[in-house]
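Asker: There's a structure below that I have some questions on.
Taken together, the values in this text are just the output of simple stated rules run on the coordinates, not laboratory data. Worth saying up front: this structure is predicted, and the values here are computed from it rather than measured. Cβ sites come from the backbone with ideal geometry, for glycine too, and all protein chains shown count toward neighbours.
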Amino acid sequence: MSPETKTGHVGRSKRRNQAIAFGIFRVLGFVVIAILFVIIGFIVIKGAGAISWEFLTGMPSEGGASGGIFPAIVGTLCLVAGSVLISFPIGVLSGIYINEYAHNNWVVRFIRIMNNNLSSIPSVVFGLFGMSLFVNTLEWGDSIIAGSFTLALLALPLVIRTTEEALKSIDDSFRQGSLALGATKLQTIRRVILPMAYPNIITGLILSIGRVSGETAPILFTVAASFLSHLPGSIFEPVMALPYHLYVISTSGTDIEASRTMAYGTALVLVAIVLVANLVANALRNFFGNKVKMN
Amino acid sequence: MSKLAAKDIHFYYGDFEALKGITMEMTAHTVTAFIGPSGCGKSTFLRLFNRMNDLVDGSRMTGLLSMDGEDIYARNIQVDELRKKVGMVFQRPNPFPKSIFENVAYGLRVNGVKDSGFIASRVEASLRAAALWDEVKDKLRQSAFSLSGGQQQRLCIARALAIEPSVVLMDEPASALDPISTAKIEELIFELKKDYTIVIVTHNMQQAARVSDKTAFFYLGELIEYDDTKKIFLNPRVEATQNYITGRFG
Amino acid sequence: MKHQEKESAALRKNIGDMWSLVQSQLVLAGEALFSVNKDQATEVITREKRVNAFELLVESDCENYIALFNPVAIDLRLMLSLLKINTNLERIADFAEGIARYVMAFEKPAIDPELLLKLRLHSMYDEMLEMFNLTRLSLDREDSRLAGSIFAKDDVLDEINKAATPILADHIRNHPDQVMECLYLLSIIRKIERVGDHCNNIAEEIVFYLDAKILKHAGTAAREAFWRGEDAGVTNCRILREDSDTPVPPES
């Protein structure tokens, strides 16, 4: 066999292997999209019937089996806002500290490992911890603030890590360029590094909002009321929350079958809130991204 | 008196001795080129003059490094004040994600200049000095990223000039650029010599030959030969220098 | 061997071939002269064209090498000196042709042997050939001391050249029928002397290539000092001199 035919043969099998490999990748990629659409479609089909103005703005009745879910929506929004307000400053600042200020020694490595460990702790353990610290020891009782702090703890590792990653992805040459002009480290971070990191830090925000708004276990012990027919008056009062409400009306109550539609409707609202949060955050991300370039 | 002087400089990254006793002086208003194979210590040495190596964990230096006769590693030296006097241009163009104007104004702003009229005049003067003004004067508010690579690098030079340094360090300033942009940068270096003392690290032998007055050849952390560029490129004293510049190395 | 080295080796082979050709031209012109052999003289004149072709070849070799490899330091000095050696070789070949043309013009079948002896023309020609061979040898061996030894030999040529005029004048007075031959001989002696000068130039270029020392226009004392290895004041390269625009006037 001449060398040409030999190499020609290898070339063919190379192309065939490539075709097979990319075929598999493509199919798997579509499977992911398909799963997402199936879930969303399932919830939309099952829950769309429950959605009405009344459902969104009304107070629940009959243990949640009828009426609206307004308090749960408000509660979830309060908890998300509260936990983001707490976890974001702390998380972003410690991310900045770890990546920009701390020297790369054992302390930083330890913090990083602990942070990763923290993020892998089951959420129910956070709930238990939040209950013993915020609810009992600090005597805040079941309240929005206790729930927000607990959820903030849960979101913190995520925020720290995404902040760190966002900062790490910025080329050192920008830091050096700024420092070489006589800027201090703080000026460099404020004027150059953070504006560049905003888009990616906001991704962290998106992820933590998604995570926080769907959690059930931590709020179970710290904030959530299974049934409230009024809105909370202050942050020291308990509140309903969508995930927990969903859990309650799906597992308990007098007529589970009758409240099924209500459950799907609640799930739909929850998914919609997360999706809207994502969209808003994405828009913010693009806005900052452009602003960074154009500023 | 020499503008920059190094006396018996040793520099260590941890246990690794990156510079093994460098002694040399650089005259004001000259261009000095550092050449040598990768890892020979030339960039490390360059970064000592604006104390960029302070940022490297586990590094230390011994010896005396002075500018205008003043020890730049003395205790009373404020590093950010030093860096105002010793500008730096990096290998890859690294404009900030800001407008062209703000990039040049950055150095003034971080050093506390508030007078917007003064800032505007410095920005224009610096852009002119960097031979960029005519190309960008109508789009100062546009993003610096909209410029070509060569323009970005000249913007970075303008940015360094805005704070009126007396020394400009250049770390392979044209290595990421096409030949036309490179030629512009080289022409610029030649022009800037009138007002600044320039030290340039380059891997491009022809570039060193074209732009510099003096050339220093580094190898394995040592200064092998330092002489007039014409002498180095016609008749180097040391065989290692000749082997390197003629491409017979190793 | 690296690509660049192959190229410079090929270039040096070409100029070496040219050197051999010029040498054979000189030898043949000498034979033609001493035996007044017009056939040999004709051959010298015909082969001159080949020397010219070689000159162009070596020149374009050097140009290509400089354009493609941007030589510096010793590589650059080699190219610069080869370019000039090339020109000098071509001039030397011209003198060989010139001698051959005078041989063609001779009317008598032989030159008066007594006159040749008095003029020391044989030893002059041998000395010149020896100088020429030494230039080749010193480049091949990259031996700048050997190149330096060429300068001293030139003195012999100068001395014979100076002595030639009164001898020939005397001869013309005694043999008025040989006026033309004597005038031709004087011109030939001048040409031999010029070949010696060009050998000197080649030797200077070889020293520049090997040691980066400028002996050109540096005077006899500096050359002799160089040969003795003393390097008296010749180390300053012309390119390095601040006043390089103003050439040093050559010694009279």
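Asker: With a Cα-only, solvent-free Debye model of region C:1-106, what are the log10 I(q)/I(0) values at q = 0.13 Å⁻¹?
Answerer: Values, matching the q order: -0.52.
Asker: Only sites in a loop by DSSP and with at most 14 other Cβ atoms within 10 Å count here; which trypsin sites (Lys or Arg not before Pro) in region B:14-117 make the cut?
Answerer: Here the sparse-neighbourhood loop sites are B:Arg75, B:Lys114.
Asker: Now a separate question. Please express the shape of region A:90-232 as an equivalent ellipsoid: the semi-axes are the square roots of 5 times the eigenvalues of the C-alpha gyration tensor, given largest first in whole angstrom.
Answerer: For region A:90-232, the ellipsoid semi-axes come out as 36, 16, 13 Å.
Asker: Loop only by DSSP, 14 or fewer other Cβ within 10 Å of the Cβ. Give me the trypsin sites (Lys or Arg not before Pro) in region C:76-177 that pass, ordered by residue number.
Answerer: C:Arg141
Asker: Also, I was wondering about something else. For the protein assembly as shown, give the share of DSSP beta bridges that are antiparallel, in percent and rounded to the nearest 5; count only bridges with both residues there.
Answerer: Here the antiparallel bridges make up roughly 60 percent for the protein assembly as shown.
Asker: Within chain A, which whole H helices from DSSP have a Cα span along their axis of at least 18 Å and a mean Kyte-Doolittle hydropathy of 0.5 or more, if any?
Answerer: A:3-47, A:70-96, A:144-168, A:194-214, A:260-294
Asker: Tell me which lysines have Cα within less than 18 Å of C:Lys6's Cα, excluding those fewer than 8 residues away on the same chain?
Answerer: Of all the lysines, none pass the test against C:Lys6 - Cα under 18 Å, at least 8 places apart if same chain.
Asker: Same structure again: Among A:Ala19, A:Ala146, A:Ala81, determine the one that fluctuates most according to a GNM of chain A built with springs between C-alpha atoms less than 10 Å apart.
Answerer: Fluctuation is largest for A:Ala19.
Asker: Please give the helix B:116-129 orientation as an angle from the longest Cα principal axis of chain B, in degrees from 0 to 90, rounded to the nearest 10.
Answerer: Once rounded, the angle reads 50 degrees.
Asker: Please give the net charge around B:Gly87, taking every other residue with its beta carbon less than 10 angstrom from that of B:Gly87, where Lys and Arg add +1 and Asp and Glu add -1.
Answerer: +3
Asker: Could you work out the relative contact order of region C:1-134, using alpha carbon pairs under 8 angstrom and six or more residues apart, expressed as a whole percent?
Answerer: Reported as a whole number, the value is 36 percent.
Asker: Normalise the Debye intensity by I(0) for region B:117-224, one equal point scatterer per Cα, no solvent, then take log10 at q = 0.10, 0.23, 0.24 Å⁻¹ and round to two decimals.
Answerer: The Debye formula, applied to the Cα set alone, gives -0.31, -1.34, -1.43.
Asker: While we're here: Give me the compactness ratio for region A:156-206, meaning the Cα radius of gyration over 2.2 N^0.38 Å.
Answerer: Relative to the 2.2 N^0.38 Å estimate, region A:156-206 comes out at 1.18.
Asker: To the nearest Å, what is the center-to-center distance of region A:75-151 and region A:193-218, using C-alpha atoms only?
Answerer: 13
Asker: If you don't mind, another one. Say the dipole of the protein assembly as shown comes from +1 at the beta carbon of Lys and Arg and -1 at that of Asp and Glu; which of B:Ser212, C:Val179, A:Gly23 then lies farthest toward its positive end?
Answerer: So the residue we want is A:Gly23.
Asker: Looking at region C:3-227, I'd like the Rg to Rh ratio, where Rg is from alpha-carbon atoms and Rh is Kirkwood's inverse mean 1/r.
Answerer: On the Cα set of region C:3-227, Rg over Rh gives 1.03.
Asker: Moving to a separate point now. When we measure straight from the Cα of C:Lys162, which lysines land under 21 angstrom away, once same-chain ones fewer than 8 places off are left out?
Answerer: Counting by Cα, and skipping residues close in sequence, C:Lys162 has these lysines nearby: C:Lys118, C:Lys153, C:Lys191.
Asker: Any chance you could check the Cα centroid distance between region C:1-39 and region B:174-250 for me, in angstrom?
Answerer: Measuring centre to centre over Cα atoms gives 39 Å.
Asker: Additional query: Which three numbers, in whole Å and largest first, are the semi-axes of the equivalent ellipsoid of the protein assembly as shown derived from its Cα gyration tensor as √(5λ)?
Answerer: Whole-Å semi-axes of the equivalent ellipsoid: 89, 31, 21.
Asker: Okay, next question. What number in nm² do you get for region A:53-294 if you take the convex hull of its Cα atoms and divide its surface by four?
Answerer: 14.9
Asker: Within chain A, what's the longest run with no GluC sites (Glu not before Pro) in a DSSP loop and at most 12 other beta-carbon atoms within 10 Å? Give the range, please.
Answerer: A:1-138
Asker: Using a Gaussian network model of chain B whose springs link C-alpha atoms within less than 10 Å, name the residue from B:Ile77, B:Ile198, B:Ile35 with the highest mean-square fluctuation.
Answerer: B:Ile77
Asker: May I ask for the distance between the Cα centers of region B:65-90 and region C:115-162, given as a whole number of Å?
Answerer: Comparing the Cα centres of region B:65-90 and region C:115-162, I get a distance of 63 Å.
Asker: Around B:Ile163, what is the net charge, scoring Lys/Arg as +1 and Asp/Glu as -1 over all other residues with Cβ under 12 Å from its Cβ?
Answerer: +3
Asker: Over 19 Å between Cα atoms, which of B:Lys230/C:Lys213; B:Lys3/B:Lys194; B:Lys84/B:Lys184 qualify?
Answerer: Too far apart for the 19 Å limit: B:Lys84/B:Lys184.
Asker: Over chain C, with a Gaussian network built from C-alpha contacts below 10 Å, which listed residue (C:Thr135, C:Thr87, C:Thr165) shows the highest mean-square fluctuation?
Answerer: Residue with maximal mean-square fluctuation among C:Thr135, C:Thr87, C:Thr165: C:Thr165.
Asker: Helices from chain C with mean Kyte-Doolittle at least -0.5 and a Cα length along the axis of 27 Å or more, per DSSP H: which?
Answerer: C:3-35, C:38-69, C:73-105, C:121-140, C:144-174, C:179-211
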